[in-house]
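The values are calculated or read from the model by the stated rules, or taken from the named source; none is laboratory data. Because the structure is a prediction, the values reported are computed rather than measured. Cβ atoms come from the backbone with ideal geometry, glycine included; neighbour counts cover every protein chain shown. What goes into the accessible areas is simple: the full protein's heavy atoms, side chains included, and nothing from ligands, DNA or RNA. Shrake-Rupley method; radii C 1.70, N 1.55, O 1.52, S 1.80 Å.
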Amino acid sequence: MNYTNLSTARSIYRAKEVGMRKVAGSTRGNLTIQFLIESLLITSMSFVLALILIQLGLPFFNEILEKSYSLWSLFSLEAISAAIGLILVTSLLAGLYPAIYISGVRPLKALSGKSLKSGGIPLRKVLIVFQFFTASAVILFTFLVMDQIRFMQNQNLGFNKEQVLIIDASNVPGATKKASFKNELKGIANVTNASFNNVLPGRPGWQGQWAYAEKVSEDHVTTEYMAIDEDYINTLNLQLIAGRNFELDRPSELEDGLIINETCVTAMGWNSPEEAIGKRIVSPSGTPEGKVIGVVKDYHGLGLQNPIWPKAMDYSSTSYGRYFAIQFGSGNTTELITQLEEKWTQLFPDYPMEYSFLDVDFDRQYKKEQQLVTLLGVFTVMIIVISSIGLLGLVSFVALSKTKEIGIRKTLGASIRQIILLLSKDFMILVLIGNVLAIPLIWYLGRSWLADFAYATSINPLMFVLTALVTLIVSFATVGLQTLKTARMNPSRALRYE
């Protein structure tokens, strides 16, 4: 687009060349081919430069995407064929209009030195609008993704994810030793709570388990089965809103009790958490199955891309437990890990202690959105730079073509500010049009993208205003610097130049 824009703008200065060539016998077809070949050469050189930039930028993109892409993957028959096709198509699209436009100049008009006032101007305006339409759309979508990430990270999750260390014991045998390790944890000064279970936020339990209220019927409830212990609720700071927790001095409830969440209460058809207490849940698989002894307030077991599942918690961590969740205080974390490793090595010398932190684990679910916003940020900068370069080149030619007009206006008393506004206002209007056209597109695409999230932010109208300000400021700075240089030119020099 920049090439097409600048080529049509420079047609004023190539008109005499075209006129001379036509007088010398060149046909319009010959001139068209000449300009298309110029476009092909420039596109080919740009492609080589693009390969260099790709090679320099690949480590950065590989780090963001956690991939191992290599430039050598382009050196295959399919990739080379696609590259050649891309070069030819780009050359044709970029050079066809300027070639037809410039080669159509009449020799008499070209050699007389008259300006070519029509033809390319409408297209140039369309291209400027399209460039800033694209830039505005990318900026807007970047703002939207950032807003959604901020919304998800600041949402009340319904549990405490801070200062909870997780040890993965999935591949470690020995139920008795695991129980001993949990008892050892209580002796560490900085440990406030510890639980052994098969499910943690960000690490789902057995999803898709069919369950029924009271008896098997046609309408089943798809639940998430969770094997927990008596310390799970306190370790994650879940809120018990009805009934009670598992208690070691109530063995019948350990054997037959269930704790469910609010969503499960609603799904089972019970009117309130209090009504659910004492009700039975049955399942063909036996998980979950038992009498409801407690109800916890809904919490997000997965990222906010997902809805809250009906959850049923069973006292079965001895049989199905996989993770130790350790809530700790604000002391020395490094010292705590050292103490945990010592106790772990004593009981499980053949297995390394694999640990992580709950907040890091949970936020990892938003990695895809974080990668997206990083890539969009890079593309935003690239698009703004490319659009600004094209705008700068076009403004330079426009300012040069109006040198005589600027000289006359300054002679008649026009100020530098008036001249800058004169040269800038048309471009600012085009940039503003591009912003306005981007609004309905991003409104539609943004709503479609947000629909994939179970919990989503709303589209903030202020981001449209902010995007318009960003593009207008960048554009005005680009145009203003060049027009300021032209506006400060001595009037006598400008008139003498003409």
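Before moving on, here are some points about what is shown:
- Residue list for segment 366-379, restricted to those being of a type outside the set (A, V, I, L, M, F, W, C) and open to solvent by less than 50 Å² (accessible area, probe 1.4 Å): TYR366, GLU369, GLN371, GLY377
- Of the set (1) under 23 Å from GLU354 (Cα atoms); (2) among the charged types (D, E, K, R); (3) touching a residue at least 60 places away in the same chain (Cβ under 8 Å); (4) crowded, with 21+ Cβ neighbours inside 10 Å, all apply to ASP168 but (4).
- Members of segment 216-259 that are open to solvent by 80 Å² or more (accessible area, probe 1.4 Å) and in contact with a Lys or Arg (Cβ under 8 Å, 6 or more places away or on another chain): GLN239
- Residues of segment 174-190 include none that is part of a loop (DSSP other than H, G, I, E, B), open to solvent by less than 20 Å² (accessible area, probe 1.4 Å) and under 26 Å from GLU262 (Cβ atoms).
- Scanning segment 61-91 for residues that are over 27 Å from the mean Cα position of the chain (by Cα) and open to solvent by less than 90 Å² (accessible area, probe 1.4 Å) yields SER76, ALA79, ILE80, SER81, ALA82, ALA83, GLY85, ILE87, VAL89, THR90, SER91.
- Among the numbered conditions (1) over 28 Å from GLU255 (Cβ atoms); (2) under 34 Å from the mean Cα position of the chain (by Cα); (3) modelled with pLDDT of 90 or more, the only one that THR235 does not meet is (1).
- Any hit, segment 349-359, residues being in a helix (DSSP H, G or I) and not aliphatic (A, V, I, L, M): yes
- Candidate set from segment 450-466 (those that are open to solvent by less than 70 Å² (accessible area, probe 1.4 Å) and outside any loop (DSSP other than H, G, I, E, B)); member that is farthest from VAL145 (Cα to Cα): PHE464
- Meets criteria (surrounded by fewer than 18 Cβ atoms within 10 Å (Cβ to Cβ) and touching a Ser or Thr at 6+ places or on another chain (Cβ under 9 Å)) for GLY407: no
- Scan of segment 310-336 for residues that are open to solvent by 50 Å² or more (accessible area, probe 1.4 Å) and closer than 17 Å to GLU253 by Cβ, ordered by number: TYR315, THR318, SER319
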